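*Asks:* Attaching a single structure in structure tokens format; questions to follow.
The values are calculated or read from the model by the stated rules, or taken from the named source; none is laboratory data. Everything numeric here is computed off the predicted structure, so don't read it as measured data. Note: ideal-geometry Cβ built from the backbone for every residue, glycine included; neighbour counts use all protein chains shown.
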Amino acid sequence: MKSRYDYILFDLDGTLIASAEGVIEAFEYALSKFGIDPGDRESMKKLVGPVLKESFQKVYHFDSESVEEVLRYYHESYETSGIYKVPLFEGVDDMLSALQDAGKILLVVTAKQQEMAESILRYVGIDRYFRAVVGPNRSESRTDKAAMIKKALSWLELHESAGSPAAEHTVMVGDRFFDIEGAVRDGVDSIGVLYGYGDRQELEKAGATWIAETPEEVVRIIKGTS
């Protein structure tokens, strides 16, 4: 059976790495500076992955002025210790190895700052699998997943697909609704994974092309054997 996809875009938080502990600690630290109770940690897992600025504004109701200050506190905590609390999900290394062996082109596409994402990939030892890491730089205004996927498709068309449209040969793998919605907006198929921080209802509602319970199932879907 012919493999379905040539180019695989991976979300980072909740898809490759279990980053909840460090992210939640940074949220708690930043919110404590404003005397805000962040809520219980289980419910805070939904904060892992979305654009930080939007989470502080939509969930904790920071205005456009105070959000910049709370973001500084967040990064103060996360870049000191949280960045290193990022174990791989079980089976992720084997998944990436199998896809690389099958000749797939792998990219990371994240709302996390690109330089930070690259540091994390090196720290957990999986940077060797990825042809590129696509994320916003510190001055970039658009950081939503659709914008990052579009940026990744442009990179692929420039470097890997001989100038032909890459979207029809590409799949986005992610654990939250914004990964899936971003893929839909850019005309890209998607695989929603259930081992991260989202759930089946969320992913199906967002329009996931496929749902995978494990990294092994991701490989089977991409290879066209599932």
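*Asks:* Among what's in the stretch 37-57 and is hydrophobic (A, V, I, L, M, F, W, C) and part of a helix (DSSP H, G or I), pick the residue that is nearest to GLN113 (Cα to Cα).
*Replies:* Per the criteria, the residue is LEU52.
*Asks:* So, one more: Being exposed (fewer than 14 other Cβ atoms within 10 Å of the Cβ) and at pLDDT 95 or above is the filter here; which residues of the stretch 1-31 pass it?
*Replies:* Listed by number, the list is empty, since nothing qualifies.
*Asks:* Now for a different question. Go through (1) surrounded by fewer than 16 Cβ atoms within 10 Å (Cβ to Cβ); (2) in contact with a strand residue (DSSP E or B) (Cβ under 9 Å, 6 or more places away or on another chain) for LEU96 and report which single condition fails.
*Replies:* (1)
*Asks:* Tell me the residue from GLY163, GLY125 that is more than 21 Å from THR209 (Cα to Cα), surrounded by fewer than 16 Cβ atoms within 10 Å (Cβ to Cβ) and modelled with pLDDT of 95 or more, please.
*Replies:* Sole residue among the options that is more than 21 Å from THR209 (Cα to Cα), surrounded by fewer than 16 Cβ atoms within 10 Å (Cβ to Cβ) and modelled with pLDDT of 95 or more: GLY125.
*Asks:* In the set ALA167, ALA132, which member is over 21 Å from PRO87 (Cβ atoms) and either touching a residue at least 60 places away in the same chain (Cβ under 8 Å) or in contact with a Phe, Trp or Tyr (Cβ under 8 Å, 6 or more places away or on another chain) (or both)?
*Replies:* When all the criteria are applied, what remains is ALA132.
*Asks:* Ok, one more. Across the stretch 88-126, what is the total count of residues that are among the charged types (D, E, K, R) and either under 17 Å from the mean Cα position of the chain (by Cα) or in the same structural domain as LYS53 (by TED's automatic domain parsing) (or both)?
*Replies:* 6
*Asks:* I've got another one for you. Report yes if some residue within the stretch 174-194 is within 20 Å of GLU216 (Cβ to Cβ), buried (at least 17 other Cβ atoms within 10 Å of the Cβ) and free of Cβ contacts under 8 Å to residues at least 24 places away in the same chain; otherwise report no.
*Replies:* yes
*Asks:* Within the stretch 69-86, can one find any residue that is in contact with a Lys or Arg (Cβ under 6 Å, 6 or more places away or on another chain) and not assigned by TED's automatic domain parsing to the domain that holds ASP13?
*Replies:* Yes; the residues of the stretch 69-86 include at least one that is in contact with a Lys or Arg (Cβ under 6 Å, 6 or more places away or on another chain) and not assigned by TED's automatic domain parsing to the domain that holds ASP13.
*Asks:* Filter the stretch 36-87 for residues that are within 18 Å of the chain's Cα centre (by Cα), surrounded by fewer than 16 Cβ atoms within 10 Å (Cβ to Cβ) and modelled with pLDDT of 90 or more and give the result.
*Replies:* PRO87, the sole residue that qualifies.
*Asks:* Please work out which one of (1) under 15 Å from the mean Cα position of the chain (by Cα); (2) buried (at least 23 other Cβ atoms within 10 Å of the Cβ) is the condition GLY135 fails and give its number.
*Replies:* Single failed check for GLY135: (2).
*Asks:* List pairs: first residue in the stretch 41-57 and in the same structural domain as LEU12 (by TED's automatic domain parsing), second residue among the charged types (D, E, K, R) and assigned to a helix (DSSP H, G or I) anywhere in the structure, Cβ distance under 6 angstrom, at least six positions apart or on different chains.
*Replies:* So the pair list comes out empty.
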